[in-house]
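Quick note: the coordinates plus some simple rules give every number you see, no bench work behind them. Everything numeric in this text was worked out from a predicted model, so none of it was measured. Heads up, the Cβs are rebuilt from the backbone with ideal geometry, glycines too, and the neighbour counts pull from every protein chain shown.
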Amino acid sequence: MDLPKVDEFLQELATIQQTGSKRIAMLGSRHVPITHQVLIELMTYALVLSGNRILTSGATGTNSAVIRGAMRGDPNLLTVILPQSLERQPRESREQLEQVMHLVENPTNDSLSLAEASSLCNQEIVSRCQQLICFAFHDSHTLLRTCHEAEDQRRLVTLFYFD
């Protein structure tokens, strides 16, 4: 094994073995069956009960399930970073987002397309975390690119595929 690979492996091992709380980003597709959302919510709830800080975005589907799980466990351990301003979010998301204590808006991205703003938002989320848990489809280009960027930044990445 070459030296950079050994260093990467040791860093991942240290992150996995860390017993204290971590900053865990959880991102995923908007198009998620309810049964999967319930599992994501339960996983988030368990991570929060273990003292981990959760970062996510404000979209429906995966991110909404993450928010529900974190809010149920400890709302103070949740940070939601929006790709644009709160006003640009769908009405059904806004009601949930208004309950979040640590909400970061990005109104400077309101003029961008949602895809561009989401990509920038995901970069910001990854820059703040130690670990990324992602739920995606094989054609979820923005999410998969985010996973690769997180790996490039030496974040521990766990990727679950829905398909």
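In degrees from 0 to 90, rounded to the nearest 10, what is the angle of the helix 114-128 Cα long axis to the longest principal axis of the chain?
50 degrees
Of the labelled options [x] 9, 29, 33, 22, 7, 1; [y] 11, 41, 36, 10, 2, 0; [z] 10, 31, 21, 15, 14, 8, 1, 0, which one gives P(r) over Cα pairs in 10 Å bins from 0, in percent as computed for this structure?
Structure-derived value, by its label: [y].
For the chain, what relative contact order do you get, as a whole percent, if you take Cα pairs closer than 8 Å and at least 6 residues apart?
Dividing the mean separation by the residue count of the chain yields 24 percent.
If you filter the stretch 66-101 for GluC sites (Glu not before Pro), then keep DSSP loop positions with at most 10 other Cβ within 10 Å, what is left?
Working: sites: Glu87, Glu92, Glu95, Glu98; in loops: Glu98.
Here the sparse-neighbourhood loop sites are Glu98.
For the chain, with a Gaussian network of springs between Cα atoms less than 10 Å apart, report the residue from Val80, Val32, Val48 with the top mean-square fluctuation.
Judging by the Gaussian network model, the answer is Val32.
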